[in-house]
1. Identify the residue in the range 335-361 that is free of Cβ contacts under 8 Å to residues at least 60 places away in the same chain and crowded, with 22+ Cβ neighbours inside 10 Å and, among all such residues, is farthest from the ligand (Cβ to nearest atom).
2. With crowded, with 24+ Cβ neighbours inside 10 Å, modelled with pLDDT of 95 or more and within 16 Å of the ligand (Cβ to nearest atom) as the only criterion, which of 147, 161, 193, 151 stands out?
3. Examine the range 35-52 for a residue that is crowded, with 21+ Cβ neighbours inside 10 Å and over 23 Å from the mean Cα position of the chain (by Cα), and state whether such a residue exists.
4. Just to verify a result, which residue in the range 375-395, among those that are away from the ligand (no atom under 16 Å from the Cβ) and out of contact with any strand residue (DSSP E or B) (no Cβ under 9 Å at 6 or more places or on another chain), is nearest to residue 161 (Cα to Cα)?
5. Please give the strands (runs of 3 or more DSSP E) falling wholly within the range 1-117 in which 3 or more residues are under 15 Å from residue 137 (Cα atoms).
6. Find the helices (runs of 4 or more DSSP H) located wholly in the range 323-402 whose residues include 1 or more that are at pLDDT 95 or above, and list them.
7. Out of everything in the range 207-223 that is away from the ligand (no atom under 11 Å from the Cβ) and in a loop (DSSP other than H, G, I, E, B), what residue ends up being surrounded by the fewest Cβ atoms within 10 Å (Cβ to Cβ)?
8. Do you know which residues across the range 239-271 are in a loop (DSSP other than H, G, I, E, B) and out of contact with any helix residue (DSSP H, G or I) (no Cβ under 6 Å at 6 or more places or on another chain)?
Ligand code: AMP
């Protein structure tokens, strides 16, 4: 591993370890946590550190606070859930820096964990302020980072703080970085990417990076329409369907780069067209030359395309996936996403495919398909996952290099 992990931190017995976690959980209007996944995923690292005799002080951001004292965005709301998931008492401190924190750290008892208040109550956090980072790490001997989802931001707790103490990644970040490295940095080939979703313009960096790295690139969803138009399929009508006319030349450039890099681009060969943009709207599957000239929108790809993608998957060893193949939020336009997801899940379960997916709506699309736990790795790290797929270095990961 080219990054420092907890093992590299040496003897932690009696040491104060500050853990930068991502506890930015969803919450309802009564401040009840509605999904504890992020809390649950942090627990193994806390337990691992405690088992080594460390005193663990947890810090995190939460929501979009409008300054200090914004109780709506206080991490105090998650104490109960963290305590329950951990099985140890959690002591909350209503600040993340200053004398209160220092006193609380000194008063920590053996089986307790300290949770500090929202880092983003201080503007300095987002600015990556060095002085704030110094204040933050003051009571800590060692720094551990598990917040992969924030690793694309050079915030104070992600970068500056990690430079001020011996630092390493926690179990969660280690797992994420390992899975993602197997996906793109050091993949078994053939390597295929599936990119879907709505617009070419939001995925330019992604596409440009992928065509240089992958052997095959499936382009689907609304963004495929622009590529289809760029290949001369004029039946795709921008009046009815999502087409970015100002991106046609860009799509041509991407296809040219793909050719130069021996990357095969796979576009839809048939589509599901619908009279209206609503669930269960009147619809039919047509070949590209039979797309109706007026009044029908392209909302999914058809069975021939699904079969073609699944056949390619059979010959693939590694898959990276971002973006749904159609308008998965509305039945039956989730059909292609579901069928390809099911096939990828089966191949993964049979040990024939390593599959990594994530970013934006992809997690909900794959949950909707019922395969979220059957792929090799689903990253919930949104923006950080996408930046990694775009080939960018993530400052919060780079800082933990050996
Ligand atoms: P993105 O956030 O770019 O990954 O896009 C995800 C969105 O793309 C989802 O909300 C899908 O409904 C949408 N999408 C996928 N295929 C189509 C399509 N053929 N037409 C319109 N929107 C689509």
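The values are calculated or read from the model by the stated rules, or taken from the named source; none is laboratory data. Just so you know, these numbers come straight off a predicted model, no measurement behind them. Please note: Cβ atoms are built from the backbone with ideal geometry, for glycine as well, and neighbour counts cover all protein chains shown.
1. Among them, the one singled out is 353.
2. None of the others qualify; the one that does is 193.
3. Within the range 35-52, one or more residues are crowded, with 21+ Cβ neighbours inside 10 Å and over 23 Å from the mean Cα position of the chain (by Cα).
4. Of everything passing the filter in the range 375-395, 395 is nearest to residue 161 (Cα to Cα).
5. Filter on the range 1-117 gives 16-20, 55-59, 113-116.
6. Ranges flagged: 335-349, 362-368, 395-398.
7. 215
8. 239, 240, 262
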